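Engineer: Quick one: the structure is below, and I'll ask about it shortly.
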Amino acid sequence: MIEDIFNIIAKSAPSIRHELSTRRGSSNTQNPTGDSQLAADIWADNLFAEKILELDSVGLYASEERENVLTSGDGFSVAIDPLDGSSNLLSNNMIGTIVGVYDSILPTSGRNLIAAAYVLYGPITTMVTAYSGSVNEYVVDQGNLRPLRKGITLPKKPQLYGFGGTENDWTPKFKKYAESIRNEFKPRYGGSLISDVNQILTYGGIFAYPALISSPTGKLRTLFEAHPVAYIIETAGGLSSNGDVSLLDLSPENLHDRTPLYVGNKTLIEELSNL
Ligand code: AHG
Ligand code: MN
Ligand code: MN
């Protein structure tokens, strides 16, 4: 069931890693949110679509890289960001895969998530899963999941912050917040949501891709990026917010809607919400 979905993602990870070096070029196309697609984005989406829809427990596949959902009968809905941070491919920095499993047709509220996971293609390939109230980390070893850390919770003492967007595009409210955070914590921004979130899960702190003056809904996509990350962070005892409510309370009208995203230690997200 849910484990089958986690396992098929893990089984696909070695091929993804292997194929990346030859698929770093542009495909001269754009995805539904207007990002330029690399050959690797399209290739990974096709691979996941085929593998995930083969599972009896999955009835719907939605991806950041395709306009409409694919269906295959009854079952869970899977929303995926096949390659997160793909612009990092050119500079050989970290990238990931993000997955949300919903017990509803899409789009829907984050409250209908029943599991979420991500793969981080870093110096080693790791996978973090959230399911049934527990967050676990694995090494992906030749496609198999080898447990690393079980029952992960955010460290009590936060250490890091990472903020997306350019400072002159931040709102006055967020600028003020960033100023207070900068005095206390170390900056770490990797340009791929998954690597940035994984270091918050490891060292504690806050990651934000805020509302921008030029884009009040920010950059990240609710179903494919915000919901699954919020589910993982909240299951690990942290908080998520769009600046107002938990990201899990958002019910996007459209598949590719965006949202501002703030995730991390409870105290830091509460301070932001109280501004
Ligand atoms: P994707 O490659 O799936 O489009 O995601 C990119 C996202 C996210 O991973 C990251 O947090 C952010 O965009 C980076 O944006 P900037 O280039 O503006 O820093
Ligand atoms: Mn992404
Ligand atoms: Mn992507």
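The values are calculated or read from the model by the stated rules, or taken from the named source; none is laboratory data. None of the values given here were measured: they were computed from a predicted structure. Cβ atoms come from the backbone with ideal geometry, glycine included; neighbour counts cover every protein chain shown. Heavy atoms of the whole protein, side chains included, go into the accessibility calculation; ligands, DNA and RNA do not. Shrake-Rupley method; radii C 1.70, N 1.55, O 1.52, S 1.80 Å.
Engineer: Name the long-range amide H neighbours of R258: under 5 Å, sequence gap of 5 or more, or other chain; modelled H, no Pro or chain starts.
Structural biologist: Counting only residues 5 or more places away or on other chains, the set is T222.
Engineer: Of the GluC sites (Glu not before Pro) in the stretch 25-98, which ones lie in a loop per DSSP and count no more than 11 other C-beta atoms within 10 Å?
Structural biologist: Counting only loop positions with at most 11 other Cβ atoms within 10 Å, the GluC sites (Glu not before Pro) in the stretch 25-98 are E54, E67.
Engineer: Separate question: Across the stretch 89-100, in residue order, what do the Karplus-derived ³J(HN,Hα) couplings come to in whole Hz, using 6.51 cos²θ - 1.76 cosθ + 1.60 with θ = phi - 60° and x for Gly and Pro?
Structural biologist: 4, 5, 9, 6, 10, 6, 9, x, 10, 10, 9, x
Engineer: Also: If you find the alpha carbon centre of the stretch 43-86 and of the stretch 245-275, how far apart are they in angstrom?
Structural biologist: Rounded to whole Å, the Cα centres lie 24 Å apart.
Engineer: Here is a further query. Considering amide H positions built from the backbone, and no H for Pro or chain starts, which residues 5 or more places from S63, or on another chain, come under 5 Å of its amide H?
Structural biologist: Sorted by chain and number, the residues that satisfy this are I80.
Engineer: Okay, next question. Considering only protein heavy atoms, what is the solvent-accessible area of M1 at a probe of 1.4 Å, reported in Å² to the nearest 10?
Structural biologist: 130 Å²
Engineer: Mind pulling the per residue volume of the convex hull built on the Cα atoms of the chain? Å³ is fine.
Structural biologist: 116 Å³
Engineer: Moving on. Considering the dipole of the chain built from charges on the beta carbon (Lys and Arg +1, Asp and Glu -1) around the Cα centre, which of S21, F163, L70 is farthest to its positive end?
Structural biologist: So the residue we want is F163.
Engineer: Using the Karplus equation 6.51 cos²θ - 1.76 cosθ + 1.60 (θ = phi - 60°), what ³J(HN,Hα) coupling, rounded to whole Hz, does each residue of the stretch 236-247 give in order, writing x for Gly and Pro?
Structural biologist: In residue order, the calculated couplings are 8, x, x, 10, 10, 7, 9, x, 9, 10, 4, 4 Hz.
Engineer: Continuing with this model, one more query. Give a quick list of trypsin sites (Lys or Arg not before Pro) in the stretch 122-178 that DSSP marks as loop, anything other than H, G, I, E or B, with at most 14 other Cβ atoms within 10 Å.
Structural biologist: The qualifying sites are K150, K156.
Engineer: Another question, if that's okay. Kindly work out what percent of the DSSP beta bridges joining two residues of the stretch 160-273 are antiparallel, to the nearest 5.
Structural biologist: DSSP beta bridges in the stretch 160-273 are roughly 60 percent antiparallel.
Engineer: Label the stretch 205-258 by shape, choosing from rounded, prolate and oblate, from the square roots a ≥ b ≥ c of the eigenvalues of the Cα gyration tensor; if a/c is under 1.5 it is rounded, and otherwise prolate applies when a/b is larger than b/c, oblate when it is not.
Structural biologist: oblate
Engineer: For the stretch 1-137, what is the convex hull volume of its Cα atoms per residue in Å³?
Structural biologist: Normalising the Cα hull of the stretch 1-137 by residue number yields 100 Å³.
Engineer: Further question: Using the basic label-point model (7 angstrom from Cα toward the beta carbon), what is the K157 to S91 distance in nanometres?
Structural biologist: So the label points at K157 and S91 sit 3.1 nm apart.
Engineer: Mind checking the angle between helix 172-182 and the chain's longest principal axis? C-alpha axes, 0 to 90 degrees, to the nearest 10.
Structural biologist: 90 degrees
Engineer: Number of Lys pairs in the chain with C-alpha atoms less than 21 angstrom apart, excluding same-chain neighbours closer than eight positions?
Structural biologist: So the count of such lysine pairs works out to 17.
Engineer: While we're looking at this one, here's another question. So what are the stretch 160-273's ellipsoid semi-axes, whole angstrom, largest first, if each one is the square root of 5 times an eigenvalue of the alpha-carbon gyration tensor?
Structural biologist: 19, 17, 13
Engineer: Need one number: nm distance between label points at S27 and D141, each 7 Å from Cα along Cα→Cβ, rounded to one decimal.
Structural biologist: 3.4 nm
Engineer: Can you give the angle from 0 to 90° between the axis of helix 39-53 and the longest principal axis of the chain, with both taken from C-alpha atoms, to the nearest 10?
Structural biologist: That works out to roughly 60 degrees.
Engineer: A further question follows. When each pair of different Cα atoms in the stretch 84-166 is counted once in the 1/r mean, what is the Kirkwood radius in angstroms, to one decimal?
Structural biologist: For the stretch 84-166, the Kirkwood estimate is 14.9 Å.
Engineer: Now a separate question. For the chain, take the longest principal axis of its alpha carbons; what is the angle in degrees between that and the long axis of helix 2-20, to the nearest 10 within 0 to 90?
Structural biologist: Orientation of helix 2-20: about 90 degrees from the principal axis.
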